[in-house]
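A quick write-up on the structure given underneath.
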Amino acid sequence: MVAVDPAAAVQCSNGADVADTKYCDLFKYYRKEMRPLDQPIVAALGGKTTDDVRSFALIIGVSKYKVQEWDLPAVEIDVAKLTELFIDHQRFDEVIVLKNDDATVENIRYFLESYFIKKAAEQDGKSRLVVTYSGHGVGDAGTGSKAGLVLGAASSTSDWDHIVSTASLRAAIEQLAASHFHVLTLINACYGGGVFGLANAATNMGVTYLRGSHALTAGPSDQVVYSKGGLRDGSLFFDALVEAVRLDKADPDNTTKFTDGQGHVLSEIHDGTIRLGWISLYVTRRLQDQRQWFKDKGYELWPPLGGPVIPKDQEARGAFFFMTTPRPVVTSMQLPTEVEALIKVIASNAMETKTDGRPAPRVSALPGRPDIKVFSPPTQYAIRGLDVSQAEGEIDWKRVKSQIFDFAYVRASYRDEDPKFQSHWKATRDVGLLRGAYHRFDYCKPVADQAALIQRVVPVETDALPMAVWVDLPIGAEQKACSNTISRAELKTRVLALLELVAERYGKIPLVYGVRSYLNQILDVRFNKYMVWFASYPRERSATLSAKDLSFGGANPWTLWQITAFETVPGIGENVDVSVFFGNDDQFKSFVRGRDNVALTAVSNQAIVP
């Protein structure tokens, strides 16, 4: 561990604060001025302004060795490509390059064990870190024991004064994983898979809004890796990875969809993020495409590995992601010019912050065309909440609050008071979690009686979220029988009457909550004063939503969108409902105040159009 005396720290001319001036020249880029930032990064890390989040890259490459026959020209190309990738393409805030003579054990330890720990603390954990290595690796073929990354000054494969063991690297990365939001380690070296160790941890490389630390390596812990050796060839591993990001070859389904009420996709735009799971899959396929070429020359090409590198008491619930340029994917029909222009503006606003560093306003429908709904990938929405009832049983709300949830909805009543409502209502307040109540519509009980039940159960509190009324499939013989006696017009009348009574009682515009089929039954222009909570999610964990699933009729945009019923939440358990809010932090504050239909107001605000 390299100790840093704060009093002895110096500031480089670029603005970086380091322990010694000798580190200053190692920065290839350092951002100190505010600039527009990619909105998906702000959203994923929970930032509010540009300076709330920061991205770091440490590029380590050894192409020149003390033992000259070990030289690796491909590493020169890797380092150049990665430097350009993180500075120009990914727009990282700090990029440090340790190449050849600069790639020393002392320099590596300083940045991994001191500098990046300090930077994570400065950012309050709202930071992303990528560590890359390209060069020789050492280990026992067939076992991968005592594997390490060989630095340029090494005189032999047993010169451990100039070799970084994968075990020590793993320990440093685990420490960084505890302090940074996302950490990604990329290793192109023989036996590089040793960085994973033997830990068996849960992980998800497709979620961007949760914390996680992962590594991708060119091969396993007991095998060698290759490059083709051409003058323009870097390593197979980094060539494929850079290609996946630069040429946008991965994650083609991560799109924002624009749908009409009939379930048609009018337009579809790639949202500009490439998730780590898809990067890993693409690199694997590209390397396997080369397998026969190497086999014909007598070499065995092994597939890359990917997995978590985290402390034993953690899970990698989320993962790092790369950025790319949003692009149109499909347009199913000829659209009016003004509609196409609005779609482009919305895509741009979703990708970047405003010049003052705050996220641009978001919308869930086209301005002036609230019948055309907008659905971005769920990972794009920064404000997330959950809903619970007696079905969840006892809940550790302190643990829930420590997760990335901004609000909770608690079922207050159905045919009677929810037995867990009072305890959940008090506990959420005690831990400081914003919460609201919801009532499930009763097909048998008169509207006045339902309103009286709600008033008896749910207190009037000015800081509570707007209340929601859930209209759904009748459950049980009695409810089904009552439902059969009610026409669609009567159902609309009853739900409207209940919403009006709720609004009068609690002084906030309530939400109507339901799935597509029930919203289509009731939503008409009279409901436009009320907010919509749209429930549409895959019915199985591995399934995806169709365009029809991501649409509902009427000219009222969604305010909340339930994206899953299968979330695992520490403090609750499995199969938890999670929803996202359509907008940014300022819009969420308006939602909490409950003075208007915030989503419909957003699409009436033409100020989002340049």
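The values are calculated or read from the model by the stated rules, or taken from the named source; none is laboratory data. These numbers come from a predicted model, not from an experiment. Glycine also receives a Cβ, built like all others from the backbone with ideal geometry; neighbour counts cover every protein chain displayed. We work out accessible area using only protein heavy atoms, side chains counted, and drop any ligands, DNA or RNA first. Shrake-Rupley method; radii C 1.70, N 1.55, O 1.52, S 1.80 Å.
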Seminar exercise, completed: Checked against a 23 Å limit on the C-alpha separation, the offending pairs among Lys32/Lys64; Lys118/Lys146; Lys126/Lys420; Lys398/Lys420; Lys257/Lys401; Lys445/Lys548 are Lys32/Lys64; Lys118/Lys146; Lys126/Lys420; Lys257/Lys401; Lys445/Lys548
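Sort the stretch 422-550 into rounded, prolate or oblate with this rule: let a ≥ b ≥ c be the square roots of the eigenvalues of the Cα gyration tensor; rounded if a/c is under 1.5, and if a/c is not under 1.5, prolate when a/b is larger than b/c, oblate otherwise. Walk me through the intermediate numbers first.
On the way: a/c = 1.59, a/b = 1.15, b/c = 1.38.
It is oblate, given that a/c is not under 1.5 and a/b is not larger than b/c.
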Seminar exercise, completed: Between the Cα axis of helix 421-430 and the main Cα principal axis of the chain, the angle (0 to 90°, nearest 10) is 50 degrees
For this session: Kindly identify the stretch 234-319 as rounded, prolate or oblate by the Cα gyration tensor criterion: order the square roots of the eigenvalues as a ≥ b ≥ c, call it rounded if a/c is under 1.5, otherwise compare a/b with b/c, prolate if a/b is larger, else oblate.
Result: oblate
Problem set entry | Share antiparallel - DSSP beta bridges, the chain, percent rounded to 5 | 45 percent
Exercise. R0 = 35 Å: FRET efficiency of Arg109 with Lys398, Cβ-based, nearest 0.05?
Worked result: 0.45
Exercise. Per 10 Å bin, what is the whole-percent P(r) computed from every C-alpha pair distance within the chain?
Worked result: 3, 16, 24, 22, 16, 11, 6, 2, 0
Problem set entry | Under DSSP loop assignment and at most 14 Cβ neighbours within 10 Å, longest GluC sites (Glu not before Pro)-free interval of the chain | 34-299
Seminar exercise, completed: Length gained, Asp17-Ala341, 0.36 nm per residue minus C-alpha separation, equals 112.2 nm
For this session: Pop a pseudo-label 7 angstrom from the Cα along the beta-carbon direction at both Asp124 and Arg593 and give the gap in nm to one decimal.
Result: 2.3 nm
Seminar exercise, completed: On the formula 1/(1 + (r/R0)^6), with r taken between the Cβ atoms of Ala481 and Asp586 and R0 of 56 Å, the FRET efficiency rounded to 0.05 is 0.75
Exercise. What does the highest-first list of 370-381, 446-457 look like by mean Cβ count within 10 Å?
Worked result: 370-381, 446-457
Exercise. Under a plain spin-label model, where a point goes 7 Å from the Cα along Cα-to-Cβ, how far apart in nm are Leu545 and Ala391?
Worked result: 1.8 nm
Seminar exercise, completed: On the accessible surface of the stretch 453-509, probed at 1.4 Å with all protein chains in place, carbon and sulfur together account for a percent value of 53 percent
Problem set entry | Stretchable slack from Glu84 to Gln292, in nm (0.36 nm times residue separation minus alpha-carbon distance) | 71.8 nm
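Would you please classify the overall shape of the stretch 397-460 from the alpha carbon gyration tensor, given that a ≥ b ≥ c denote the square roots of the eigenvalues, rounded means a/c under 1.5, and beyond that prolate means a/b larger than b/c while oblate covers the rest? Provide the component values of the computation, followed by the final result.
Values: a/c = 2.90, a/b = 2.50, b/c = 1.16.
It comes out prolate by the Cα gyration axes.
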Problem set entry | Pairwise centroid distance, computed over Cα atoms, of the stretch 264-279 with the stretch 91-108, Å | 33 Å
Exercise. Roughly to the nearest percent, how much of the accessible area of the stretch 175-279 is carbon and sulfur, given a 1.4 Å probe?
Worked result: 49 percent
For this session: Compute the length gained on full extension between Gln68 and Asn575: take 0.36 nm times their separation in residues and subtract their Cα-Cα distance, giving the result in nm to one decimal.
Result: 176.8 nm
For this session: Per DSSP H run of n ≥ 4, the term is -39500 (n - 2.57); total these for the chain, divide by its residue number, and report the mean residue ellipticity at 222 nm rounded to 500 deg cm²/dmol.
Result: -8000 deg cm²/dmol
For this session: Just the isolated ones, please: cysteines in the chain lacking another cysteine beta carbon under 4.7 angstrom.
Result: Cys190
Exercise. What are the extents of the Cα atoms of the stretch 212-257 along their three principal axes, listed from largest to smallest and rounded to whole Å?
Worked result: 43, 30, 13
Problem set entry | Euclidean distance between Cα centres, the stretch 112-142 to the stretch 303-324, Å | 13 Å
For this session: Divide, for the stretch 380-426, the radius of gyration over alpha carbons by 2.2 N^0.38 Å, where N is the residue count.
Result: 1.23
Exercise. Solvent-accessible area per residue for the chain at a 1.4 Å probe radius, Å²?
Worked result: 41 Å²
Seminar exercise, completed: Heavy-atom accessible area of the stretch 10-93 with neighbours in place, 1.4 angstrom probe: carbon+sulfur share in percent works out to 49 percent
